[in-house]
Amino acid sequence: MRPVTRPIRDPAPSKWGYRWQRWMLTPGVRTGLRLGVPALIIAAIAGGWSMNASNRALLAERISAAQQAFQERPQFMVSGLAVSGADEELADAVASLMDTEFPVSSFDLDLNKLRDDVVALDAVAEARVRVGDAGALEINVTPRVPVAIWRTPDGLRMIDAEGVFAGDLAARVDRLDLPLIGGEGVQGHIDEALTLFRSAGPIADRMRGLVRVSGRRWNMVLEDGQQLLLPADAPVEALDRIIALHEAQDLLDRDVAIVDMRMPQRPTVRMNQEAVAATRNAATTGRIQQVGQ
Amino acid sequence: MRDLYETQRAMRNVRKAAMQRGVIAILDVGTSKIACLVLRFDGPDRLGDNDGVGSLAGQSRFRVIGAATTRSRGVRFGEIDAMQETERAIRTAVQAAQKMAEVRVDHVIACFAGARPRSYGLDGSVDVADNFVTEGDIGRVLAACDVPDFGEDRDVLHAQPVNFALDHRSGLADPRGQMGSTLATDLHLLTVDATAIRNLFFCIKRCDLELAGIASSAYVSGVSSLVEDEQELGAACIDMGGGSTSLSVFMKKHMIYSDAVRMGGDHVTGDISMGLQVPMQTAERIKTFYGGVVATGMDDREMIEIGGDTGDWERDRRTVSRAELIGIMRPRIEEILEEVRARLDAAGFEYLPSQQIVLTGGGSQIPGLDGLAAKILGQQVRLGRPLRVQGLPQAATGPAFSSSVGLALFAANPQDEWWDFDVPAETYPARSLKRAVKWFRDNW
């Protein structure tokens, strides 16, 4: 047979083949293919599987079952409630807030909400809620300390230093140790009222209470209906002046209905009706006594 | 001249960018083969900015990670002849090398042998401004060289300062910082046909590659196949390629002369093809298997089947003795070597202190060539193979790859060229003014 000379092999790549190969050798493309294509395939398989509703339900069921099994392990179970820092009445109130039945998983407890609920009680200033050792839900309560009694149209209420209600009171006699405050808008001014009470000093025994007038200033009410009208600014100084007057001239022992200190440079005294008449008579007989400075 | 300055600078910047990226391709566009090496620069001193040559003659900096060779198409006498064909060949080589390296290459340093290189020795001198020589003085003295009129259609391929002289002291390699008043330099300028460079540019651009440097094949094969003392004392490297035989003369580690003979291995093949009436492929095969230049008695008896496919039994069963083959090859090789001898004589090679001649390139593998060359070129002839570089495949370590390997070394340690130094400041204003005027005229 006649030998056939082989044609010369001339394997030059086509221009587009060459470009394609160069593109495929570009580092970004290589990385994209190495990582992107498997990721795409996995995503496609997962997507195709979850197209079926029963598959999705099965998955959700599996997940919730696993979650429940994990959450209901004995390590996470809460078996009881322990309230500390509160008296019996408050502890009952706190315990009644818990509507869940023990034992319960600590994952199902919303401690933040529970704490907010406890703090929302009038008598509670602060509360710390945690799941402690031995599966007990510990609620540490700091009760509010009432500093005054506020007479409102709805009845007597105890109020703490921040002006927050610290509980109701059935009768004044239950807490004779607390001063009485009346009027509206006292919440922000409890400090001022307490300062006034403390500086009453010599007249403290005849003092009945303080009344907030127009949400602006205080009236101090003494027994027999005597009233000391204190200014909005510097009420303590005005009270001190009244006390000084009283100590010097027994002002409050006289027939005085109102001592008006609203204008500090011009203190005024209103006398009772009978005292006015008596003074008028005395003036006519020449027996007059100076009152004031 | 200015244009080329800009082009070469742009190529230097591309080369720097490629080195920063760490991957660069070497492309040896030859007449018989196109070789592509992919180098990765990640050696120990890649980032260290050390002066001079690094460890292992700078080779430790790079590693060959891809190598490919393809039969060349469309190249004649080392110049691009049919651009489409050459482009395909370059694509083939680059693609295969990229595939081996598994990395995309964007920057290419190319070398070619032909395009009628011509050497010029230039000199210039300038007064040193301060008492000591600065970098600016070197730029000025290089600019002061009077450039000969080498013709419109030629471009400068290399312009290497080979020697500096300061006052009466000559032979300085680096005069920077030395005291003196007059600085003189010798510059070796190598010009080639501008069209050849332009064609190569265009071809590489069409392959979506960016040219990061261009070198003469004669120079880079000298870099790789001459050993250090030969480069220092004076030697000629004769790169016997397929389409042209290029020679470069080295002295004091600088190329001082380069030329090319437009004859090479392909002409030997052509002679065999004509003499034995066989196709070129057969002639090439016979040449590589049985070729030689010295006939002995044994060769008369060694018969070579030269074959054929005409269907005529008498013709297809022809045989020829090896002595006959040698008789065809030898005159052509003698002609080439004599031509080389003439070029070396013209260059004054006999005045060099050492006259070592190193034969390299694919053509130097002809058995007995060193003996023949010794008769024509002088006694000190040896066959040269390229330096061994890291990662080079065994198939690419032969003398045919000396210019590829040399180009790799050149890429790692480029010789300072004229355009590496800044343009002297005093030439700037007039030039930029001219450019501004030109810009205005172009735009309004």
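Translational diffusion coefficient, Stokes-Einstein: compute it for the range A:74-143 using the Kirkwood radius over C-alpha pairs as Rh, at 37 °C and 0.692 mPa s, and state it as an integer in µm² s⁻¹. Each step should come with its number before you reach the end.
Working: Rh = 12.0 Å.
Taking Rh from Cα pairs, D becomes 274 µm²/s.
Distance check, please: which entries in B:Lys16/B:Lys205; B:Lys33/B:Lys253; B:Lys16/B:Lys434; B:Lys33/B:Lys287 exceed 20 angstrom between their Cα atoms?
Details: B:Lys16/B:Lys205 18 Å; B:Lys33/B:Lys253 28 Å; B:Lys16/B:Lys434 30 Å; B:Lys33/B:Lys287 16 Å.
With Cα atoms farther than 20 Å apart: B:Lys33/B:Lys253; B:Lys16/B:Lys434.
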#### Entry: Placed amide H near B:Leu157: partners under 5 Å, 5+ positions off or other chain
B:Leu190, B:Thr191, B:Val192
### Query
About the Cα centre of the range A:74-143, what is the dipole size in debye to 20, counting +1 per Lys and Arg Cβ and -1 per Asp and Glu Cβ, all else neutral?
320 debye
### Query
For the range B:118-193, what number results from the quotient of the Cα radius of gyration and 2.2 N^0.38 Å?
1.15
### Task
Work the Kirkwood hydrodynamic radius out for the range B:169-273: mean of 1/r over every pair of different alpha-carbon atoms, inverted, in Å.
16.5 Å
### Query
Just how far, in whole angstrom, is the range B:120-140 from the range B:302-320 if you go by their alpha carbon centroids?
67 Å
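Å³ per residue of the Cα convex hull, for the range B:265-333? Please report the intermediate quantities before stating the final value.
On the way: hull volume 4.8 nm³, N = 69.
Spelled out: Cα convex hull of the range B:265-333, divided by residues, is 70 Å³.
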### Query
Among all the aspartates and glutamates, which ones have a C-alpha under 17 Å from A:Lys113's C-alpha, if same-chain residues fewer than 8 places away are not counted?
A:Asp99, A:Glu101, A:Asp122, A:Glu126, A:Glu138
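Over chain B, what is the relative contact order in percent, taking alpha-carbon pairs closer than 8 angstrom and at least six residues apart?
18 percent
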### Message
Springs between alpha-carbon pairs under 10 angstrom, Gaussian network model over chain A: which of A:Ala166, A:Ala248, A:Ala148 fluctuates most?
### Response
A:Ala248
### Task
Treating only the Cβ atoms of Lys and Arg (+1) and Asp and Glu (-1) as charged, compute the dipole magnitude of the range B:69-135 about its Cα centre; round to the nearest 20 debye.
760 debye
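Dividing the alpha-carbon Rg of the range B:335-444 by 2.2 N^0.38 Å yields what? Before the final figure, lay out each step's value.
Working: Rg = 22.9 Å, N = 110, 2.2 N^0.38 = 13.1 Å.
The range B:335-444 yields a ratio of 1.74.
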### Message
With the cut-off at 1.5 for a/c, could you classify the protein assembly as shown from its C-alpha gyration tensor as rounded, prolate or oblate?
### Response
prolate
### Query
How large is the accessible surface per residue of the protein assembly as shown, computed with a 1.4 Å probe and reported in Å² as a whole number?
53 Å²
### Query
If you take the C-alpha gyration tensor of chain B, multiply each eigenvalue by 5 and take the square root, what semi-axes do you get, largest first, in whole Å?
41, 25, 21
### Query
Label B:Ala323 and A:Ala120 with points 7 Å out from Cα along Cα→Cβ: what is the distance between them in nm?
12.2 nm
### Query
Between A:Asp168 and residues 5 or more places away or on another chain, which pairs have amide H atoms under 5 Å apart, with H built 1.01 Å from N, and which residues are they?
A:Met158
### Summary
Sorted largest first, the Cα spans of the range A:146-285 on the principal axes come out in Å as 58, 29, 26
### Message
Using a Gaussian network model on chain A with a 10 Å cutoff between Cα atoms, which of A:Gly47, A:Gly185, A:Gly28 fluctuates the most?
### Response
A:Gly28
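Once you charge only the Cβ atoms, +1 for Lys and Arg and -1 for Asp and Glu, what is the size of the charge dipole of the range A:7-138 about its Cα centre, to the nearest 20 debye? Working shown, then result.
Values: 13 positive and 17 negative charges, 526 e Å.
Once rounded to the nearest 20, the dipole reads 2520 debye.
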### Query
Picking from B:Leu39, B:Leu172, B:Leu325, which is most flexible by a Gaussian network model of chain B using Cα springs under 10 Å?
B:Leu172
### Task
Please give the calculated 222 nm ellipticity per residue for the protein assembly as shown, where each DSSP H segment of at least 4 residues contributes -39500 (n - 2.57) and the sum is spread over every residue; nearest 500 deg cm²/dmol?
-11500 deg cm²/dmol
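Please identify the longest segment of chain B free of exposed GluC sites (Glu not before Pro), where exposed means a DSSP state other than H, G, I, E or B and no more than 11 other Cβ atoms within 10 Å. Intermediate results must be reported in sequence, preceding the final value.
Details: sites that count: B:Glu102, B:Glu152.
Excluding the exposed sites themselves, the longest stretch runs over B:153-444.
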### Dipole-positive endmost among A:Gln273, A:His189, A:Val221 within the range A:146-285 (Cβ charges, Cα centre)
A:Gln273
### Message
Roughly how far apart, in whole Å, are the Cα centres of the range B:206-235 and the range A:227-274?
### Response
115 Å
### Query
Of A:Leu35, A:Ala148, B:Ser216, which is farthest along the charge dipole of the protein assembly as shown in the positive direction, counting Lys and Arg as +1 and Asp and Glu as -1 at C-beta?
B:Ser216
#### Entry: Approximate shape of chain A as ellipsoid semi-axes (Cα gyration tensor, √5λ), whole Å, largest first
87, 31, 14
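The values are calculated or read from the model by the stated rules, or taken from the named source; none is laboratory data. Computed from a predicted model, the values in this text were never measured in an experiment. With ideal geometry, Cβ positions are generated from the backbone for all residues, glycine too; neighbour counts draw on all protein chains shown. Ligands, DNA and RNA are stripped out before the accessible areas are found, and what is left, the full protein with its side chains, is counted by its heavy atoms. Shrake-Rupley method; radii C 1.70, N 1.55, O 1.52, S 1.80 Å.
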